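**Q** Pasting a structure below so you can have a look.
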Amino acid sequence: MDEKEHNAQIDAEKEHSTDHQEESTSEPLEENKPEQLDIPEGSSNISEPVAKLEDDTQTPSKAGQDNEVQSEIDQENAEDAEDAENGKRHEIPFLDYHAMSMENLVGELQRLVKNEKVQAINKHVNEIKHEFDLKFQEFLEHKKEEFVANGGNEIDFRYNSVTKRQFNEVYSEYREKRNQYYKNLEKSLKENLQKRLSIIEDLKGVVNVEEDINTTYKNFKAIQEAWRNAGPIPRNNYNDVWRTYHHHIEIFYDFLHLNRELRDLDFKHNLEEKLKLIIKAEELQNEPDLGKAFRELQTLHKIWKEDIGPVAKEHRDAIWERFSNATKAMHNRRQEHFAKLEAGYEENLVRKNEIISAIKAIAENVSNNHKEIQKQIKEIEALRDAFFKAGKVPQRVNEITWGAFKDAVRDFNRGKNNFYKNQKKEQHQNLEKKRELLALAVAMKDSEDHEQATPEMKRIQSEWKKIGHVPRKYSDKIWVEFKNACNHYFDRLHAEKNENQKEELANFEQKNACLERLKAFQLSGDKKKDVATIKKFIAEWKTYGRVPFNKKHINGKFNKIIDALFRKLDVSKQESELLKYGDKIKQLAKSDNDYAISNERTFIKRKLEESKSEIRQLETNLQFFSNASEDSPVVKDVIKNINRHKEALATWKTKLKNLNILENKLNKEEAEDSNPENNTEEE
């Protein structure tokens, strides 16, 4: 016998707790079964004292030993007595409903209602409903907590569950089928009860009729056959009616002492049949399926009681003792099996308590990070699945264990909901920040001042990335608006750059042609003339504007050739730098651009400070080598760098001086142009 059938038998007559059920689904499952049938008037003999029956011939101690299993067998047979098809409930497996999800429970309930006899699935449906109500109540509480955490009022909470609606529909269909079945059954059971009571009256009558004993015996056999075909009766009357019938059967056999031959013949037949039942009962010890063995034992008891009459008194105690011992052996085997199941339930309890502790540990340390909380949610879901798959626990701690599990899960959900409640507040703050950046992006998207707008647009984009999430219903819209504003600006910028690119490519072609001519140039030997020619090359080069960024290496090539020519002419690097800078001074003078001159001054001053800083650092470093020889390579390298930076410093000073001369000259010219006294006409 498997665990499910054991649970079904142990809980057969127990009502399932409705502590976790909704009010709408907590009605008693048996409310529409037929009312308990009263024994009709004139039938009081059902409750009259009966003679000692075969199964009552044991000593009180033996009767007590077998009472438990015998009571269970009688109870099952009484239930089956209402409908022979009801016995098929034993063949319908009890699945692990505790481990099933709500959706799977609905599917299993639907399968049972559609495919099985309605009277055979009552216990299955009760257990399915119990498990579904537990799980749905937990699910509903979780949704309510989320609703409240999101700012809702608990009194306004409503939740429409498709799964719950489907369950109610299937369960309602089951109840309708069940009610209709019992409605039809009630009339039939009452009629069959009347038949059996009438048969008992007929049985009483054969004892008192003065007729040929053979005729009486034939009438007795006809009564037995009528009894077998009388049909099911209410379970509440089953045992009493049977005992009364059996009582009058024995009275008839006592009456048959008048014809010992007929009685002994019948006793012999009954003994042979009961011995066959005993052998079958004893062989059941070898049946590996304990559930199947018990059901067959139940059938054997039913045949023993209902279909086979008594045996001779000298055999009654012996055969019942043997049959009872076979029953007791089955009882002991079942008890051992149940003890093992209980041990398994204890192991399940340990496992479930471990799972509850694991859930509590997570609930006490709910993360404050979305990614980590999502990970914790998956861990909780895995633990929930493990809890339901861990199997049943002892009945005494079932509700306590479930309550502890539910409380642990609820604590985690509350912590998680509080986090997301704070997250929503933070998301609204992020939304306001992004709206401010969006306003800036929209204001600058048509700006023509690219030097100022471009870095600002880049800064805005960088700030946008640093801001966290915003409420989902706003995120797409505000992102699209921001992206469109940024794309509008940079598309304009790139279009302008592409236009400028054409001019830069033209400049590159001109510089490249100039470079080729410079490469072909040969010194004449006349230093003055050659310097003048080189200066023309430099001046021409300066006339060409910017080249594309990836073509800037051409400037390095040009300067490298110029420097090589100056070295051949024995012109120092400083002098060559000043010669090249002289052309730049001329360009600045021609442009008459105060902004360009100011930028050049700033650039030179920065270079002066860099040179001074390098010299100071190198001279400081040189002090660390005070004890080193001047011939040391390291010392020589430091001195070389100092001299190089001093030369650069002198060059930059000269450039600044030339720039100052240019600026003074331009200022003087500007002053003269603005003085009216210098603008008199010649006489």
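The values are calculated or read from the model by the stated rules, or taken from the named source; none is laboratory data. What you are looking at is a predicted structure, and each value in this text was computed from that prediction instead of being measured. So basically every Cβ, Gly included, is an ideal-geometry build from the backbone, and we count neighbours across all protein chains shown. Areas reflect the complete protein model, heavy atoms only, side chains present, ligands, DNA and RNA absent. Shrake-Rupley method; radii C 1.70, N 1.55, O 1.52, S 1.80 Å.
**Q** Over 5 Å intervals from 0, what percent of Cα-Cα pairs in region 134-198 sits in each interval?
**A** It works out to 4, 14, 13, 12, 10, 9, 8, 7, 7, 6, 5, 4, 2, 1, 0, in whole percents.
**Q** Do any GluC sites (Glu not before Pro) in region 162-241 lie in a DSSP loop with no more than 13 other beta carbon atoms within 10 Å, and if so, which?
**A** GLU210, GLU211
**Q** Then there's this: Output ³J(HN,Hα) for region 648-654: one whole-Hz value per residue in order, computed from phi by the Karplus curve 6.51 cos²θ - 1.76 cosθ + 1.60 with θ = phi - 60°, and x for Gly and Pro.
**A** Listing the rounded values in order: 5, 4, 5, 5, 5, 5, 5 Hz.
**Q** Please work out whether region 461-528 counts as rounded, prolate or oblate from its C-alpha gyration tensor, where a ≥ b ≥ c are the square roots of the eigenvalues and a/c under 1.5 means rounded, while otherwise a/b larger than b/c means prolate and anything else oblate? Please report the intermediate quantities before stating the final value.
**A** Values: a/c = 8.09, a/b = 3.84, b/c = 2.11.
Since a/c reaches 1.5 and a/b is larger than b/c, the shape of region 461-528 is classed as prolate.
**Q** Let me ask you something else. With a 1.4 Å probe and all protein chains in place, put HIS301, HIS315 in order of accessible area, largest first.
**A** Details: HIS301 5, HIS315 75 Å².
From most accessible down to least: HIS315, HIS301.
**Q** While we're here: Measure out, as a whole number of angstrom, how far apart the alpha-carbon centroids of region 445-497 and region 192-211 sit.
**A** Using only Cα atoms, the two centres lie 103 Å from each other.
**Q** Classify region 170-233: rounded, prolate or oblate, from the alpha-carbon gyration tensor (a ≥ b ≥ c, eigenvalue square roots; a/c under 1.5 rounded; otherwise prolate if a/b is larger than b/c)?
**A** It comes out prolate by the Cα gyration axes.
**Q** Next question. For region 288-342, what class follows from the C-alpha gyration tensor (a ≥ b ≥ c being the square roots of its eigenvalues): rounded when a/c is under 1.5, otherwise prolate if a/b is larger than b/c, else oblate?
**A** Because a/c hits 1.5 or more and a/b fails to exceed b/c, region 288-342 counts as oblate.
**Q** Something else: Going by Cα centres, region 512-565 and region 312-386 are how many Å apart?
**A** Using only Cα atoms to place each centre, the spacing works out to 95 Å.
**Q** Still on this structure, I have one more. For VAL148 and ARG644, compute 0.36 nm times the residue count separating them, minus their Cα-Cα distance, and round to one decimal in nm.
**A** 171.0 nm
**Q** By accessible area of protein heavy atoms, probe 1.4 Å, what ranking do TRP320, TRP479 get, highest first?
**A** Working: TRP320 10, TRP479 110 Å².
Largest accessible area first, the list is TRP479, TRP320.
**Q** If you don't mind, there's one more thing I want to ask. For the pairs LYS416/LYS473; LYS143/LYS416; LYS123/LYS195; LYS129/LYS392, flag any whose C-alpha to C-alpha distance is greater than 23 Å.
**A** LYS123/LYS195
**Q** Can you flag which of LYS519/LYS542; LYS612/LYS657; LYS536/LYS612 are past 23 Å Cα-Cα?
**A** The answer is LYS536/LYS612.
**Q** Also, I was wondering about something else. So how exposed is TYR245, as accessible area in Å² (1.4 Å probe, rounded to 10)?
**A** My reading of the accessible area for TYR245 is about 10 Å².
**Q** Working with all protein chains in place, sort THR543, THR533 by solvent-accessible area computed with a 1.4 Å probe, largest first.
**A** Descending accessible area places them as THR543, THR533.
**Q** Compute, for ASP264, the solvent-accessible surface of its heavy atoms (probe 1.4 Å) with the complete set of protein chains present, and express it in square angstrom to the nearest 10.
**A** Accessible area of ASP264: about 70 Å².
**Q** Would you kindly derive the ³J(HN,Hα) couplings of region 365-375 from the backbone phi angles with the Karplus curve 6.51 cos²θ - 1.76 cosθ + 1.60 (θ = phi - 60°), listing them in order in whole Hz, with x for Gly and Pro?
**A** Here the 3J(HN,Hα) series is 9, 5, 5, 10, 10, 4, 4, 5, 5, 4, 5 Hz.
**Q** I'm checking a number: the convex hull volume of the Cα atoms of region 417-543, normalised per residue, in Å³. What is it?
**A** Considering the Cα atoms of region 417-543, their hull volume per residue is 153 Å³.
**Q** Taking θ as phi - 60°, what are the ³J(HN,Hα) couplings along region 227-232 by the Karplus curve (6.51, -1.76, 1.60), each to the nearest whole Hz, with x for Gly and Pro?
**A** After applying 6.51 cos²θ - 1.76 cosθ + 1.60, I find 4, 4, 9, 6, x, x Hz.
**Q** A further question follows. So how strong a dipole does region 93-219 carry about its Cα centre when Lys and Arg Cβ are +1 and Asp and Glu Cβ are -1, to the nearest 20 debye?
**A** So the dipole magnitude of region 93-219 works out to roughly 380 debye.
**Q** Right, next: Could you tell me what a quarter of the Cα convex hull surface of region 350-396 works out to, in nm² with one decimal place?
**A** Mean orientational projected area (region 350-396, Cα hull): 3.4 nm².
**Q** Mind scanning LYS528/LYS551; LYS360/LYS389; LYS511/LYS552 and naming the pairs with a C-alpha gap bigger than 21 Å?
**A** From LYS528/LYS551; LYS360/LYS389; LYS511/LYS552, over 21 Å: LYS528/LYS551.
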